Amino acid sequence: MAVASIYKFATLFLFCIIPFSFSELVQEQPLVLKYHNGPLLKGKITVNLIWYGKFTPAQRSIIVDFINSLSSAKLKLPSASSWWKTTEKYKSGPSTLVVGKQVLFENYPLGKILKNPHLPALAGKFNGVNTISIILTAKDVAVEGFCMRCGTHGSTRLGRGSVRGAFIWVGNSETQCPGQCAWPFHQPIYGPQTPPLVAPNGDVGVDGMVINLATLLANTVTNPFRNGYFQGPANAPLEAVSACTGIFGSGSYPGYPGNLLVEKSTGASYNANGVGGRKYLLPAMWDPETSTCKTLV
């Protein structure tokens with residue numbers, strides 16, 4: 001028997017007597033976000049809110065309560081603050097968020113179609129050192145690239161020096177791209193068409209905004225100026241939470257957010273308690289100590 005035939009026979013024999021799976025043959029590489037030696041946002045961080053378009057007082061309170069929940073010490077576990085505590089494991093310690101100024105632009109001064117340059121221009125009016133300006137656009141405001149990203153973060157130069165201030169944009173996706181930006185509270189545009197979850201605050205658009213805002217806040221404090229923690233190219237990075245997209249609870253897989261808590265009275269799904277009895281659904285965050293996507297439940 002030729003050598004090639006012997007090898008083929010031996011290989012076939014091994015395949016028949018040794019049970020295995022492809023996962024045993026190819027071990028999944030650990031997820032590692034490299035630190036690129038740049039500054040992070042640590043210590044007391046003032047968060048300024050720029051409401052662009054019409055939001056109800058109830059909608060604004062959901063967002064404000066969420067931000068306040070991130071630095072609230074006395075919350076029932078699992079909590080928004082215990083989720084945020086993972087950011088302390090990134091270099092230089094904790095980031096404490098405090099809500100600062102709030103500005104309402106209900107008359108759409110730049111129109112209802114915003115281009116990318118409009119975002120830093122809006123943020124630049126309120127940016128400063130150790131601040132994050134958050135631009136929140138209403139459901140009837142179109143933003144360039146909305147359906148591709150649901151939100152973004154960046155920075156603007158403060159004055160003529162090298163100091164920069166951070167900003168975030170998040171849009172209300174109730175009527176724009178809810179299949180991408182409000183999942184799992186809306187059926188996904190692609191993949192398995194599982195029934196949507198009930199939103200914990202009864203507002204699909206704003207509860208979806210919380211998920212995207214949580215993602216971008218964690219990404220911002222750990223990679224504010226494109227030289228913090230990330231994997232991949234600096235202009236299209238995987239960051240603290242965007243590296244864990246689609247994971248909300250244990251046992252998650254594409255199209256299934258994972259095992260979550262359910263509020264008996266409303267049937268709403270959540271995984272984090274907030275101030276004033278609020279409940280939120282927060283995505284997994286990369287844990288530097290374990291190099292895994294950490295969930296609350």
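The values are calculated or read from the model by the stated rules, or taken from the named source; none is laboratory data. The structure displayed is predicted, hence computed values, not measured ones. A quick note on method: Cβ atoms are made from the backbone with ideal geometry, for glycine too, and the neighbour counts reach across all protein chains shown. Only protein heavy atoms, including side chains, enter the accessible area calculation; ligands, DNA and RNA are left aside. Shrake-Rupley method; radii C 1.70, N 1.55, O 1.52, S 1.80 Å.
Once backbone amide H atoms are built at 1.01 Å from N, residue 143 has 114 as its partners under 5 Å, excluding neighbours fewer than 5 places away on the same chain.
Let's test the formula: R0 of 41 Å, r as the Cβ-Cβ distance of residue 99 and residue 162. What FRET efficiency results, to the nearest 0.05?
Once rounded, the FRET efficiency stands at 0.90.
Not counting the cut sites, what is the longest span of the chain without GluC sites (Glu not before Pro) that DSSP labels loop and that have at most 10 other Cβ atoms within 10 Å? With a cap of 10 other Cβ atoms within 10 Å, the longest stretch comes to 29-288. The length gained on full extension between residue 227 and residue 89, counted as 0.36 nm times the residue separation minus their Cα-Cα distance, comes to 48.0 nm. Working from label points 7 Å from Cα in the Cα-to-Cβ sense, the residue 144 to residue 37 distance is 3.3 nm. Annotation: amide H-H contacts under 5 Å for residue 134 (H modelled 1.01 Å from N, sequence separation of 5 or more, or interchain): 48, 49, 50, 168.
3J(HN,Hα) along the stretch 191-203, derived from phi through the Karplus expression 6.51 cos²θ - 1.76 cosθ + 1.60 where θ = phi - 60°, amounts to x, x, 8, 6, x, x, 7, 7, 5, x, 10, x, 9 Hz, with x in place of Gly and Pro.
Multiply the residue gap between residue 73 and residue 125 by 0.36 nm, knock off their C-alpha separation, and tell me the result in nm, one decimal place.
15.6 nm
Given the choices [x] 134; [y] 151; [z] 178, volume of the Cα convex hull per residue in Å³ derived from the coordinates of this structure is entry [z]. Only beta bridges with both residues in the chain are counted; by DSSP, about 40 percent of them are antiparallel. A 1.4 Å probe run over the protein chains yields, for the chain, 50 Å² of accessible area per residue, whole-number rounding. Element breakdown for the chain at a 1.4 angstrom probe: carbon and sulfur atoms account for 59% of the accessible area.
Karplus-based coupling profile of the stretch 268-281, in residue order and whole Hz: 6, 9, 7, 9, 9, 8, x, 5, x, x, 5, 10, 9, 10, with θ = phi - 60° in 6.51 cos²θ - 1.76 cosθ + 1.60 and x standing for Gly or Pro. FRET efficiency for the residue 64 to residue 110 pair, using the beta carbon distance and R₀ = 22 Å, is estimated at 0.40. Counting pairs on different chains as well as pairs 8 or more places apart, how many Lys pairs in the stretch 39-135 have Cα atoms under 19 Å apart? Counting lysine pairs in the stretch 39-135 gives 15. Note on the chain: GNM, Cα springs under 10 Å; of 210, 262, 143, the largest mean-square fluctuation is that of 262.
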